[in-house]
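> Mind having a look at this structure? Questions to follow.
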Amino acid sequence: MKLRTFLFLFFIASGVFSRAAAPAPRWTEQKANDWYAQQPWLVGSNYIPKSAINELEMWQEETFDPAEIEKELGWAESLGMNTMRVFLHDLLWQQDSYGFRKRLDEFLSIAARHHIRPMLVIFDSCWDPAPQLGLQHPPIPGIHNSGWVQSPGAKALSDPAQYPRLKAYVQGVVGAYAKDDRILAWDVWNEPGSDNTGNYPKTELSHKDKVARVAELLPQVFAWAREMNATQPLTSGVWDLDTTRDEAAQGELARIQLRESDVITFHNYSWPEDFRREIAWLRQFKRPVICTEFMARSVGSTFDGILPIAKREQVGAINWGFVVGKTQTNYPWESWEHPYIHGDPPVWFHEVLQSDGTPYRQAEADLIRELTGKK
């Protein structure tokens with residue numbers, strides 16, 4: 001028997017070419033709530049090490065920094081944090097899927113040592129629409145998130161011929177960790193359709209075009225991930241809700257997110273009363289509710305105002321920013337118009353800790369420890 005024929009028959013016998021299992025449906029309300037009942041009160045940050053300006057620099061082999069991650073997640077554990085929201089990128093998979101998985105596995109092992117189960121973000125519509133592998137540019141002085149990049153970038157998003165590559169990334173990374181208890185959940189797309197034409201007018205798609213393309217792709221991304229039959233829930237956080245209107249009156253992307261998510265996640269950078277109203281509006285879906293972005297001090301979203309409400313309502317709370325570093329998200333959004341080149345703003349916008357691990361504001365660290373029960 002020829003070797004090629006033998007290998008083909010072997011693979012058939014071993015199931016390599018067998019039909020994939022039918023994709024799991026969206027979780028029922030009961031399954032989602034049963035899952036949430038098994039979780040602690042979820043508290044954490046959107047995390048990137050201080051040594052990285054964006055998700056590419058965090059994960060590429062030349063700049064992946066496990067020692068820094070180990071130290072910083074130790075600081076998070078000391079505050080009682082038990083989750084982190086962490087961004088991935090499609091270009092990392094295209095460049096070196098094996099190496100990317102190896103580094104992701106090392107990250108998950110570090111997080112597990114510190115009793116932290118991250119939520120992994122697959123795609124992201126925010127900031128620079130022209131991501132490039134390799135050496136990333138240094139931070140632009142005084143500007144918030146001056147190097148963060150979208151995934152997929154504008155060129156890939158506008159080219160359906162690249163969608164099979166994006167599908168391979170989604171299914172490759174979710175499939176690799178579909179049964180891994182170290183992962184809390186999959187956030188399939190961060191702020192889908194976000195408009196960055198003001199900051200990147202030459203490279204960003206028009207808002208109308210971008211929304212139309214994401215509206216076509218987002219349901220497919222959910223379906224691709226579901227085909228991997230992950231034991232972790234899928235979600236995508238709504239971020240532009242109008243709580244004075246019903247579900248049918250929301251934007252198309254928000255309706256897709258609410259329709260497809262196993263657990264409901266949302267972003268809120270407003271005052272405590274608005275945070276409370278949004279929770280109440282989202283309760284209509286009878287699913288767990290987790291806030292995956294909050295805390296922007298100068299616009300009214302603070303640990304003091306938000307965390308006690310989240311604890312009382314049993315809503316997970318993941319703030320933006322952990323350690324001040326190359327992302328410079330201690331500067332406010334408006335720093336794009338008015339860079340802080342001569343010093344820090346009067347009040348830090350995001351971030352919990354200074355670069356040496358000491359709290360920006362000790363009272364905040366004390367409050368986090370009090371509410372998480374970390375002595």
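The values are calculated or read from the model by the stated rules, or taken from the named source; none is laboratory data. Given the structure is predicted, the values throughout are model-derived calculations rather than measurements. As a convention, Cβ positions derive from the backbone with ideal geometry for all residues, glycine included, and neighbour counts pool all protein chains shown.
> Take the conditions farther than 18 Å from Gly80 by Cβ and in contact with a Pro (Cβ under 6 Å, 6 or more places away or on another chain) and apply them to Phe349. Does it pass?
yes
> Mind listing whichever residues of the stretch 49-102 are farther than 20 Å from Arg165 by Cβ, of a type in the set (A, V, I, L, M, F, W, C), surrounded by 16 or more Cβ atoms within 10 Å (Cβ to Cβ) and over 15 Å from the mean Cα position of the chain (by Cα)?
Matches in the stretch 49-102: Ala52, Ile53, Phe64, Ile69, Leu73, Trp75, Ala76, Leu79, Met81.
> Which pairs do you get when a residue that is under 27 Å from Phe349 (Cα atoms) and in contact (Cβ under 8 Å) with a residue 40 or more places away in the chain, found in the stretch 135-164, comes within reach of a residue that is of a type in the set (Gly, Ala, Ser) and not in a loop (DSSP other than H, G, I, E, B), reach meaning Cβ atoms under 9 angstrom, with the pair 6+ apart or on two chains?
These pairs meet every condition: Gly142/Ser335; Ile143/Ser335; His144/Ser335; Ser146/Ser335.
> Can you report the number of residues in the stretch 350-375 which are part of a loop (DSSP other than H, G, I, E, B) and β-branched (Val, Ile, Thr)?
Counting residues in the stretch 350-375 that are part of a loop (DSSP other than H, G, I, E, B) and β-branched (Val, Ile, Thr) gives 2.
> Out of Gly321, Gly300, I need the residue that is within 22 Å of Pro345 (Cβ to Cβ) and surrounded by fewer than 22 Cβ atoms within 10 Å (Cβ to Cβ). Which one?
Step by step, each of Gly321, Gly300 is checked, and only Gly300 is within 22 Å of Pro345 (Cβ to Cβ) and surrounded by fewer than 22 Cβ atoms within 10 Å (Cβ to Cβ).
> Quick check, is Leu258 farther than 21 Å from Ile306 by Cα, touching a residue at least 24 places away in the same chain (Cβ under 8 Å) and buried (at least 23 other Cβ atoms within 10 Å of the Cβ)?
For Leu258, the condition - farther than 21 Å from Ile306 by Cα, touching a residue at least 24 places away in the same chain (Cβ under 8 Å) and buried (at least 23 other Cβ atoms within 10 Å of the Cβ) - is not met.
> Kindly establish whether Lys208 is at pLDDT 95 or above, over 21 Å from Leu91 (Cα atoms), of a type outside the set (A, V, I, L, M) and assigned to a helix (DSSP H, G or I).
Yes.
> Further, regarding this structure: If you go through the stretch 59-98, how many residues are polar (S, T, N, Q) and over 22 Å from Thr327 (Cα atoms)?
Number of matching residues: 5.
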